[in-house]
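The values are calculated or read from the model by the stated rules, or taken from the named source; none is laboratory data. All values reported here derive from a predicted model rather than from experimental measurement. No Cβ is skipped: glycine too gets one built from the backbone with ideal geometry, and neighbour counts run over all protein chains shown. The accessibility values were calculated without ligands, DNA or RNA, using every heavy atom of the protein model including side chains. Shrake-Rupley method; radii C 1.70, N 1.55, O 1.52, S 1.80 Å.
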Amino acid sequence: MINDDHVSLWGLIIDAHAFGLEGEWKIEFIRRCMRSLLNAGAVAVDLTGETYPLFKATTRWGTEREEIIEAIIADWQARGGGDLDWGDYPFTWPENIGTV
């Protein structure tokens, strides 16, 4: 749930596996999920750790929707394209950035 937390690529991969998706089907599912998040107003963030604020907006993946999506997928694939750690490549709502 993203209401006061975040959604990450880690969670999207788990969802893709739950649907039995692999290969290009998994990547397309993840691409569409990230596009939906960004279209709804979510932003890419870095987790700051266990201290507040929990999220810091980032532009390291780019500033445009498709640029962000493709950069994250390319980076994930460069890391082997496998399972990730909790919180890798997170998104949240702008109102969650810098809040307790």
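Roughly how tilted is helix 23-39, in degrees to the nearest 10 and between 0 and 90, from the longest Cα axis of the chain?
Long axis of 23-39 versus the principal axis of the chain: about 30 degrees.
Given the options Tyr89, Cys33, Val7, identify the residue whose Cα lies farthest towards the positive end of the charge dipole of the chain (+1 on Cβ of Lys, Arg; -1 on Cβ of Asp, Glu).
It is Cys33, whose Cα lies furthest towards the positive end.
What whole-number value in Å² describes the accessible area per residue of the chain for a 1.4 Å probe?
It amounts to 59 Å² per residue over the chain.
Tally up the carbon and sulfur contribution to the accessible surface of the chain as a whole percent, 1.4 Å probe, everything protein left in place. Present the calculation step by step, with values, prior to reporting the outcome.
On the way: 3130 of 5860 Å².
Carbon and sulfur together cover 53 percent of it.
List the residues, sorted by chain then number, that are 5 or more residues from Ser8 or on another chain and whose placed amide H is less than 5 Å from its amide H.
Amide H neighbours of Ser8, under 5 Å, 5+ apart: Phe91.
For Leu54, which sequence-distant residues (separation of 5 or more, or a different chain) have an amide H within less than 5 Å of its own amide H, given hydrogens modelled in the peptide plane?
Residues meeting the criterion, in which the H sits 1.01 Å from N, are Gly98, Thr99.
Taking θ as phi - 60°, what are the ³J(HN,Hα) couplings along the range 82-93 by the Karplus curve (6.51, -1.76, 1.60), each to the nearest whole Hz, with x for Gly and Pro?
With the stated coefficients, the range 82-93 comes to x, 5, 10, 7, 3, x, 5, 6, x, 10, 8, 7 Hz.
Tell me what the chain gives for mean residue ellipticity at 222 nm when only DSSP H runs of n ≥ 4 count, each as -39,500 (n - 2.57), the sum divided by the residue total, rounded to 500 deg cm²/dmol. Before the final figure, lay out the partial values.
Values: 3 runs with 41 residues, N = 100.
Rounded to the nearest 500, it is -13000 deg cm²/dmol.
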